[in-house]
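Asker: First the structure, then my questions, so here it is.
The values are calculated or read from the model by the stated rules, or taken from the named source; none is laboratory data. Just so it is clear, the structure is predicted and the values come from calculations on it, not from any experiment. We place every Cβ from the backbone using ideal geometry, glycine too, and count neighbours over all the protein chains shown. These accessible areas exclude ligands, DNA and RNA; they are computed on the full protein's heavy atoms, side chains included. Shrake-Rupley method; radii C 1.70, N 1.55, O 1.52, S 1.80 Å.
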Amino acid sequence: MNPILVFEQLLNGAGYGLMLFLIAAGLTLVFGIMDVMNLSHGSLFMVGAYVAATVHVQSGSFAVAVLVAVAVTVAVAALLEVTLMRRLYGRDHLAQVLATFGVILVADDAVKMVWGPSPVMAPTPAWLSGPVELFAGLPYPSYRLVVLGAGVLVAGLLYLLVNHSRVGMLVRAGASDRWMAELMGVRVRRVFCGIFVLGAALAALAGALMGPLMAVQVGMGESILIPALVVIVIGGIGSVRGAFVAALLVGLVDTIGRAFLPLLLRAALPPAVAADLGPLCAEVAMYALMAAVLSFRPAGLFSAKA
Amino acid sequence: MSAASLTSSSPPQRPAAPRWRGALLPLALLAALAVFPLVASALGLDFYIGFVRRVLVVALAAASLNFIMGFGGMVALGHAGFMGVGAYTVVVLSDAGATSAWVVWGAAMVLAALAATLVGAISLRTQGVYFIMITLAFAQMLYFVFVSLRSYGGDDGYTLPMRPVLGLGLDAMHEPTLYWVVLALVALVLWWLDRATASRFGAALAGIRDNATRMRALGYPVYLLQLAAFTLAGAVAGLAGALLATGNSFVSPAMMHWTQSATLIVMVVIGGLGRRWGGPLGAAVWMALEEALKLHTDHWHMPLGLLLIATTLYAPRGLAALADLRARSAQ
């Protein structure tokens with residue numbers, strides 16, 4: 001197999017994994033600290049993607065589009081926190097799953113009302129549309145490189161924030177033992193509100209960056225939500241480090257599964273069977289990984305609670 | 001976080017009443033449903049025969065989910081997957097030349113039960129949110145299995161050339177006949193599920209929901225009991241899927257998408273988690289609202305979403321709990 005092709009796919013997988021991490025980080029922090037399961041997190045990703053695509057077309061500036069998308073999504077998230085999420089603290093997970101599933105239904109229809117039912121064009125910024133020659137024989141889309149870089153940068157900043165800042169200390173304290181943290185004088189609710197909004201900003205950033213790479217359409221929030229949930233479950237709910245490792249793992253497994261499993265099957269099996277099985281293996285690889293991990297470690301790889 | 005904490009508030013005991021009074025309402029409802037096709041065709045509303053038939057089938061699936069979720073404390077977010085296994089069994093067997101509905105439906109139940117045993121055996125090692133997620137993961141796997149079956153239509157679904165044959169002089173192509181057969185089956189299985197809930201098995205299941213550790217200490221095989229309940233619910237969901245496929249003469253992977261599983265949970269909670277009629281009531285209310293809203297607007301998800309949010313905030317115990325309020329005010 002061509003090593004350059006393998007390397008290219010590894011880069012694609014890492015890029016997808018980093019985007020998953022941006023989404024999963026907010027999801028897992030909210031869950032780890034406030035014990036709130038937020039299915040509507042994917043809707044924030046969708047809002048970010050739609051706003052970015054629209055602003056980009058209108059203003060012509062990708063940077064402005066990303067900033068506006070983050071700002072709008074943060075505002076939406078703050079509204080959501082004040083009107084709904086606050087009332088779900090201390091409720092059981094089932095109530096949280098249901099109420100935030102309700103938010104998905106509302107958000108999808110709201111987006112349909114504003115932007116219409118058909119997908120929206122999210123252009124690749126003109127100055128990033130060409131390929132970059134990484135080394136001889138490997139031209140790589142420069143936009144994907146920027147996404148990869150942005151993912152690494154944000155993941156690094158988040159790592160510093162969570163592990164080496166005072167806010168991060170409070171966050172970790174709240175995540176590992178919320179009652180004790182409250183007894184020690186941490187205003188966990190206020191920290192949470194900040195975390196929820198930060199999570200929304202990360203989701204919006206991921207949405208804005210992913211827009212040009214995938215279809216910006218109603219339901220994109222749900223289709224990214226499931227891999228993001230898979231990531232936090234594999235990583236161990238509440239653990240940012242776990243989410244990071246699991247996101248890269250899922251990104252790589254998914255991309256490699258899509259790129260190479262069909263090839264391997266085609267080499268080993270009759271063509272008709274391989275044609276049926278190939279896409280299936282690619283789709284299922286991520287879920288098989290999760291089932292396997294949970295079979296051996298029922299609380300995930302880096303469970304914050306264990 | 002344990003699975004039990006999700007549903008730890010067990011419903012209050014029903015006030016003791018003579019046994020026949022408890023059966024009165026269901027029998028009246030059954031009678032009303034039985035004459036419905038005659039009334040509907042007299043009024044020229046034949047379309048609604050198919051609609052009520054679908055409601056009955058989904059009510060069956062919701063009741064089976066309520067059995068494991070409400071009485072067993074297992075919040076499974078992949079129930080539509082087992083419906084899909086049942087539905088595709090009908091397609092595959094019909095395609096292979098099987099014509100008898102009873103054979104096909106029976107096989108659907110068996111295969112869905114097998115799938116549920118496999119999924120349950122692994123999923124039940126986890127608890128709480130992990131259980132929710134791993135059942136979802138398995139349902140997604142099943143979903144993609146059927147998406148990739150190109151010989152059966154893949155993404156686009158598969159239209160049955162003809163409905164399976166009922167035999168016994170019954171014509172499956174005659175809408176009211178199929179409706180009556182479905183009604184009889186649904187009533188039978190619902191009655192049977194209700195008996196299972198009231199049995200020692202059901203009591204042990206509720207005990208596990210409320211305190212698994214204590215039940216284990218008492219010597220109950222907790223894992224096996226939960227697995228048995230999960231399998232049973234999977235079999236009933238498989239039957240529901242098979243009936244749906246038979247009635248619609250069409251199957252597609254969309255019916256097992258994860259949002260369908262979530263909708264089933266929604267139905268159960270809106271109707272009343274762990275309540276005798278919670279599943280069917282929730283299914284009927286949700287589907288009726290969906291149908292009514294679709295008549296008036298393209299944006300019918302939004303009001304349903306708002307209703308769902310309002311229900312979780314203000315009526316977390318579901319519609320069936322309203323009966324308690326009435327009973328209390330009558331005293």
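Asker: Any chance you could count how many residues in region A:87-141 are open to solvent by 70 Å² or more (accessible area, probe 1.4 Å) and facing chain B (nearest Cβ under 7 Å)?
Answerer: 2
Asker: Consider region A:277-306. How many of its residues are at pLDDT 75 or above and away from chain B (no Cβ under 12 Å)?
Answerer: Selection size over region A:277-306: 2.
Asker: So, of the residues in region B:141-178 that are more than 14 Å from chain A (Cβ to nearest Cβ) and free of Cβ contacts under 8 Å to residues at least 12 places away in the same chain, which turns out to be surrounded by the most Cβ atoms within 10 Å (Cβ to Cβ)?
Answerer: Looking at residues that are more than 14 Å from chain A (Cβ to nearest Cβ) and free of Cβ contacts under 8 Å to residues at least 12 places away in the same chain, I get B:Thr177.
Asker: In region A:152-189, how many residues are more than 21 Å from A:Phe21 (Cβ to Cβ), surrounded by 14 or more Cβ atoms within 10 Å (Cβ to Cβ) and of a type in the set (A, V, I, L, M)?
Answerer: 6
Asker: A further question on this structure: Output the number of the condition that B:Met173 fails; it satisfies all remaining conditions of (1) outside any helix (DSSP H, G or I); (2) at pLDDT 80 or above.
Answerer: So the condition that B:Met173 fails would be (2).
Asker: List every residue pair whose Cβ atoms lie under 7 Å apart, where the two residues are 6 or more positions apart in sequence or sit on different chains, the first residue falls within region B:298-310 and is at the interface with chain A (Cβ under 7 Å from one of its Cβ atoms), and the second residue, located anywhere, is at pLDDT 85 or above and open to solvent by 50 Å² or more (accessible area, probe 1.4 Å).
Answerer: Listed by first residue and then by second, the contacts come to B:His299/A:Lys112; B:His299/A:Met113; B:Leu304/B:Leu289.
Asker: A follow-up question, please. Which of the numbered conditions does A:Met220 fail, given that it passes all the others? Conditions: (1) more than 16 Å from A:Leu20 (Cα to Cα); (2) open to solvent by less than 10 Å² (accessible area, probe 1.4 Å).
Answerer: The one condition A:Met220 does not meet is (1).
Asker: Please go through region B:128-140 and give me each residue that is over 19 Å from B:Val236 (Cα atoms) and buried (at least 21 other Cβ atoms within 10 Å of the Cβ), ordered by number. Give the steps one after another, and end with the answer.
Answerer: Residues of region B:128-140 over 19 Å from B:Val236 (Cα atoms): B:128-134, B:137, B:140.
B:Val129, B:Tyr130, B:Phe131, B:Ile132, B:Met133, B:Ile134, B:Ala137, B:Gln140, listed by residue number.
Asker: Additional query: Based on this model, can you work out whether A:Leu198 counts as within 18 Å of A:Gly42 (Cα to Cα), open to solvent by 30 Å² or more (accessible area, probe 1.4 Å) and assigned to a helix (DSSP H, G or I)? Steps first, answer last, please.
Answerer: Values: within 18 Å of A:Gly42 (Cα to Cα): yes; open to solvent by 30 Å² or more (accessible area, probe 1.4 Å): yes; assigned to a helix (DSSP H, G or I): yes.
Yes; evaluated as a whole, the condition is true for this residue.
Asker: Quick one: is A:Ala274 in a helix (DSSP H, G or I), small (Gly, Ala, Ser) and more than 9 Å from every other protein chain (Cβ to nearest Cβ)? Before the answer, list the steps.
Answerer: Details: in a helix (DSSP H, G or I): yes; small (Gly, Ala, Ser): yes; more than 9 Å from every other protein chain (Cβ to nearest Cβ): yes.
Answer is yes for this residue.
Asker: Would you mind stating whether B:Leu227 is in a helix (DSSP H, G or I) and either within 12 Å of chain A (Cβ to nearest Cβ) or over 23 Å from B:Leu56 (Cβ atoms) (or both)?
Answerer: Yes: the conditions hold for B:Leu227.
Asker: Another question, then. Is it the case that A:Val66 is of a type in the set (A, V, I, L, M), open to solvent by less than 40 Å² (accessible area, probe 1.4 Å) and either under 20 Å from A:Gly221 (Cβ atoms) or away from every other protein chain (no Cβ under 14 Å) (or both)?
Answerer: Numbers: of a type in the set (A, V, I, L, M): yes; open to solvent by less than 40 Å² (accessible area, probe 1.4 Å): yes; either under 20 Å from A:Gly221 (Cβ atoms) or away from every other protein chain (no Cβ under 14 Å) (or both): yes.
So A:Val66 passes the test.
Asker: Does at least one position in region A:198-211 carry a residue that is out of contact with any strand residue (DSSP E or B) (no Cβ under 9 Å at 6 or more places or on another chain) and free of Cβ contacts under 8 Å to residues at least 24 places away in the same chain? So that I can check it myself, show each step before the final result.
Answerer: The initial filter retains those residues of region A:198-211 that are out of contact with any strand residue (DSSP E or B) (no Cβ under 9 Å at 6 or more places or on another chain), namely A:198-206, A:208-209.
This time we only want the ones that are free of Cβ contacts under 8 Å to residues at least 24 places away in the same chain, so: none.
Scanning region A:198-211, I find no residue that is out of contact with any strand residue (DSSP E or B) (no Cβ under 9 Å at 6 or more places or on another chain) and free of Cβ contacts under 8 Å to residues at least 24 places away in the same chain, so the answer is no.
Asker: Please specify each residue of region B:249-262 satisfying the condition of being open to solvent by 20 Å² or more (accessible area, probe 1.4 Å), touching a residue at least 40 places away in the same chain (Cβ under 8 Å), part of a helix (DSSP H, G or I) and polar (S, T, N, Q).
Answerer: Matches in region B:249-262: B:Gln260 only.
Asker: List the pairs whose first member sits in region A:130-141 and is farther than 13 Å from A:Pro3 by Cβ, whose second member is part of a strand (DSSP E or B) and among the aliphatic types (A, V, I, L, M), and whose Cβ atoms are under 9 Å apart, counting only residues at least 6 apart or on separate chains?
Answerer: Taking only residues 6 or more apart or on different chains, the pairs are A:Pro139/A:Val132; A:Tyr140/A:Val132; A:Tyr140/A:Leu134; A:Pro141/A:Val132.
Asker: Still on this structure: For the list (1) over 28 Å from A:Gly221 (Cα atoms); (2) open to solvent by less than 40 Å² (accessible area, probe 1.4 Å); (3) modelled with pLDDT under 90; (4) away from every other protein chain (no Cβ under 14 Å), I need the number of the one condition that B:Arg276 fails.
Answerer: Condition not satisfied by B:Arg276: (2).
Asker: Same structure, new question: So in region B:116-127, with the set limited to residues that are surrounded by 24 or more Cβ atoms within 10 Å (Cβ to Cβ) and within 18 Å of the chain's Cα centre (by Cα), which one is farthest from the other protein chains (Cβ to nearest Cβ)? Break it down into steps so the answer makes sense when it comes.
Answerer: Going through region B:116-127, the residues surrounded by 24 or more Cβ atoms within 10 Å (Cβ to Cβ) turn out to be B:116, B:119-120, B:123.
Of the ones still in play, those that are also within 18 Å of the chain's Cα centre (by Cα) are B:116, B:119-120.
On the way: B:Ala116: 15, B:Val119: 9, B:Gly120: 13 Å.
Per the stated criteria, the residue is B:Ala116.
Asker: Kindly check whether there is at least one residue in region B:90-101 that is away from every other protein chain (no Cβ under 14 Å), over 21 Å from B:Leu183 (Cα atoms), open to solvent by less than 10 Å² (accessible area, probe 1.4 Å) and assigned to a helix (DSSP H, G or I).
Answerer: Yes, region B:90-101 contains a residue that is away from every other protein chain (no Cβ under 14 Å), over 21 Å from B:Leu183 (Cα atoms), open to solvent by less than 10 Å² (accessible area, probe 1.4 Å) and assigned to a helix (DSSP H, G or I).
Asker: I'm trying to understand the selection: among the residues of region A:277-306, which are of a type in the set (S, T, N, Q) and in a loop (DSSP other than H, G, I, E, B)?
Answerer: Kept after step one, since they are of a type in the set (S, T, N, Q), are these residues of region A:277-306: A:295, A:303.
Listed by number, the list holds a single entry, A:Ser303.
Asker: With the condition kept exactly as written, say whether any residue in region A:235-249 is within 13 Å of chain B (Cβ to nearest Cβ), modelled with pLDDT of 80 or more, more than 28 Å from A:Gly32 (Cβ to Cβ) and outside any helix (DSSP H, G or I).
Answerer: no
Asker: Separate question: For region A:82-113, name all the residues that are touching a residue at least 40 places away in the same chain (Cβ under 8 Å) and β-branched (Val, Ile, Thr).
Answerer: Those that are touching a residue at least 40 places away in the same chain (Cβ under 8 Å) and β-branched (Val, Ile, Thr): A:Val97, A:Thr100, A:Val103, A:Ile104, A:Val111.
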